[in-house]
1. Which trypsin sites (Lys or Arg not before Pro) in the stretch 24-102 pass both tests, a DSSP loop state and at most 14 other beta-carbon atoms within 10 Å?
2. Could you tell me what percent of the accessible area of the stretch 187-236 is made up of carbon and sulfur, with a 1.4 Å probe and every protein chain present?
3. Inverting the mean 1/r over all pairs of different Cα atoms, compute the Kirkwood radius of the stretch 169-232 and quote it in Å.
4. Once you order the gyration tensor axes a ≥ b ≥ c over the Cα atoms, which shape class does the stretch 207-247 get: rounded for a/c under 1.5, otherwise prolate or oblate by comparing a/b with b/c?
5. Report, to the nearest whole %, how much of the accessible area of the stretch 19-69 belongs to carbon and sulfur atoms, 1.4 Å probe, protein only.
6. In this model, which of LYS94/LYS199; LYS50/LYS250; LYS26/LYS184 are farther than 26 Å apart at the alpha-carbon?
Amino acid sequence: MKYFIVLFFLLVSVSSHAQDLTPSQKVSGYIYNDDTKSPLINVNIININKVRGARTDSQGYFEIDVQPTDTLHLSLLGFQSLRVKVTNDWIKNKVAKIYLTEKAIALEEVVIRPFHLTGYLEVDSKTIPTQENFRYSISGLTHGYEAGEYSPNAFGKVLGSIFNPADVLYNFFGNKPNELKKLKVMKKDDTVRNLLESKFDRETIAVLLGVDKKEIAEILQRCNYSEAFIQTANDLQIMDAISGCYEEYKILKKR
């Protein structure tokens with residue numbers, strides 16, 4: 001009986017290893033504007049499962065590495081994002097036509113209020129709002145923490161957030177180890193990095209990590225990044241911030 005059990009787990013292990021070694025295949029397609037039927041340039045395509053990226057050329061054409069059942073996330077500014085499942089038929093036929101729908105966006109009125117400068121430095125320096133963001137180094141960690149506040153208790157909040165085991169940060173990282181491993185993979189793909197560097201909407205990161213956009217802001221707050229950083233950083237900087245925070249979380253957890 002024990003030999004049967006050993007043989008069973010051996011077969012399962014071999015089968016799992018064989019699946020990991022399944023070679024990638026390529027699919028390609030053309031992406032068009034659903035309204036005008038014209039090709040869309042620079043559509044961002046992300047393979048959520050493999051964390052690989054691609055972009056459409058001037059003809060709306062792209063190709064990307066996939067395996068059956070992978071999911072592709074398509075996004076372009078001004079258009080509704082779309083998720084497409086990779087099927088065996090698509091892999092067999094190689095080329096597909098995909099259409100994106102434009103978003104109906106109503107722009108709100110923006111009022112720009114200029115600073116009234118007098119020409120006197122001592123006076124003008126007091127009228128311009130400033131925000132100082134401090135980062136504190138903690139022994140044993142390679143990265144500092146940006147507290148985002150200049151109040152005297154900012155450092156205390158940093159330590160309180162890090163070492164509180166019931167913190168939202170602890171719960172998030174503890175429940176999503178597989179998704180967070182994608183962060184390392186994302187760093188290795190130049191197409192994905194270039195894509196994230198040009199985006200500020202957090203959509204791609206949210207899709208890859210399987211979280212809501214609002215949770216990303218909460219995670220960064222728990223990692224003690226300032227509101228200014230959360231609001232202005234591009235998606236690549238946000239990815240690096242979460243990745244660094246995750247690595248520090250693992251170090252602290254071991255302790």
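The values are calculated or read from the model by the stated rules, or taken from the named source; none is laboratory data. Keep in mind the model is a prediction, meaning the values are calculated, not measured. With ideal geometry, Cβ positions are generated from the backbone for all residues, glycine too; neighbour counts draw on all protein chains shown. When the accessible area is computed, the model is the full protein with side chains, heavy atoms only, and any ligands, DNA or RNA have been set aside. Shrake-Rupley method; radii C 1.70, N 1.55, O 1.52, S 1.80 Å.
1. Working: sites: LYS26, LYS37, LYS50, ARG52, ARG55, ARG83, LYS85, LYS92, LYS94, LYS97; in loops: LYS37, LYS50, LYS94.
Answer in residue order: LYS37, LYS94.
2. Details: 1030 of 2330 Å².
Summing carbon and sulfur atoms, their accessible area is 44 percent of the total for the stretch 187-236.
3. Values: mean 1/r = 0.0796 Å⁻¹.
Mean inverse Cα-Cα distance, inverted, gives 12.6 Å.
4. Values: a/c = 1.31, a/b = 1.20, b/c = 1.10.
It comes out rounded by the Cα gyration axes.
5. Numbers: 1130 of 2590 Å².
Using a 1.4 Å probe with all protein chains present, the stretch 19-69 comes out at 44 percent carbon and sulfur.
6. Working: LYS94/LYS199 29 Å; LYS50/LYS250 23 Å; LYS26/LYS184 23 Å.
Checking Cα-Cα distances, LYS94/LYS199 exceed 26 Å.
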